[in-house]
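Notes to accompany the following structure.
The values are calculated or read from the model by the stated rules, or taken from the named source; none is laboratory data. All figures in this text were calculated on a predicted structure; none of them were measured in a lab. All Cβ positions, even for glycine, are placed from backbone atoms using ideal geometry, and neighbour counts span all protein chains on display. These accessible areas exclude ligands, DNA and RNA; they are computed on the full protein's heavy atoms, side chains included. Shrake-Rupley method; radii C 1.70, N 1.55, O 1.52, S 1.80 Å.
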Amino acid sequence: MGVQPATLEVAPNRDLFVPFEFPATELASGWYGAECKVAIDGSPEIVRPESRFVVPWSRGATRRDQLLLGKSVPVGGEKVRLDQLECHVDSVQLRYEGTEAIITLAADGARLPVLGTTFDTETGSGSVTAYPLLRIHHALTIAIKGADEPVEVALP
């Protein structure tokens, strides 16, 4: 969605807040971020603020469960232990231990967009946060890069 261009005079080294409105009610459920094309002193730049916002799914559409997985997967001579899956209103978080891994999630065969990943090398624990699991989903597929087979989790 676009916002009409505007030219602003701003004092140097000052924070700038540019208010604008857009019809959030017309957006589908999901996570969104802003991207601004700006020209500062005539030099074009693309600015992507770090904060995202969510347009919530309808009440009762998402799962709010916690599943203990306890499955170890061999990955290139090491192991990744899938510990737990936490289903929230606006996301799902998979916690794992072992070696750092590239993990993708799919619900009933449709890939869930990843919102973020973390890994702490000191503790050997990490997480993957993705779009939420819906109540209509029956199975979650966890694919780990380098593993022979994905892990299939039946959803209650």
query: Do we have Arg52 as charged (D, E, K, R), without any contact (Cβ under 8 Å) to a residue 12 or more places away in the chain, within 27 Å of Leu140 (Cα to Cα) and surrounded by 11 or more Cβ atoms within 10 Å (Cβ to Cβ) here?
result: no
message: Residues that are touching a Lys or Arg at 6+ places or on another chain (Cβ under 7 Å) and touching a residue at least 60 places away in the same chain (Cβ under 8 Å): does segment 76-92 have at least one?
response: yes
message: part of a strand (DSSP E or B), over 30 Å from Leu8 (Cα atoms) and of a type outside the set (Val, Ile, Thr): is that true of Gly116 in this structure?
response: yes
task: Give the number of residues within segment 119-139 that are in contact (Cβ under 8 Å) with a residue 60 or more places away in the chain and assigned to a strand (DSSP E or B).
output: 1
statement: When Ala24 is run through (1) open to solvent by less than 60 Å² (accessible area, probe 1.4 Å); (2) modelled with pLDDT of 75 or more; (3) of a type in the set (Gly, Ala, Ser), the failure sits at (2)
message: Go through segment 93-112 and report how many residues are of a type outside the set (D, E, K, R) and assigned to a strand (DSSP E or B).
response: 10
- prompt: Out of all the residues in segment 83-92, which are buried (at least 18 other Cβ atoms within 10 Å of the Cβ), closer than 22 Å to Ala147 by Cβ and among the polar types (S, T, N, Q)?
  reply: none
field: One residue from Thr129, Thr141 being crowded, with 16+ Cβ neighbours inside 10 Å and closer than 30 Å to Asp15 by Cβ
entry: Thr129
message: Looking at Ser72, Ser58 in this structure, which one is in a loop (DSSP other than H, G, I, E, B), small (Gly, Ala, Ser) and either closer than 23 Å to Leu134 by Cβ or open to solvent by 60 Å² or more (accessible area, probe 1.4 Å) (or both)?
response: Ser58
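Each row is one residue, and each column tells you yes or no for (1) more than 25 Å from Thr25 (Cβ to Cβ); (2) at pLDDT below 95; (3) out of contact with any Ser or Thr (no Cβ under 6 Å at 6 or more places or on another chain).
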{"residue": "Pro49", "(1), (2), (3)": "no, yes, yes"}
{"residue": "Arg52", "(1), (2), (3)": "no, yes, yes"}
{"residue": "Val55", "(1), (2), (3)": "no, yes, no"}
{"residue": "Arg59", "(1), (2), (3)": "no, yes, yes"}
{"residue": "Gly77", "(1), (2), (3)": "yes, yes, yes"}
{"residue": "Asp83", "(1), (2), (3)": "yes, no, yes"}
{"residue": "Leu94", "(1), (2), (3)": "yes, no, yes"}
{"residue": "Thr104", "(1), (2), (3)": "yes, no, yes"}
{"residue": "Leu112", "(1), (2), (3)": "no, no, yes"}
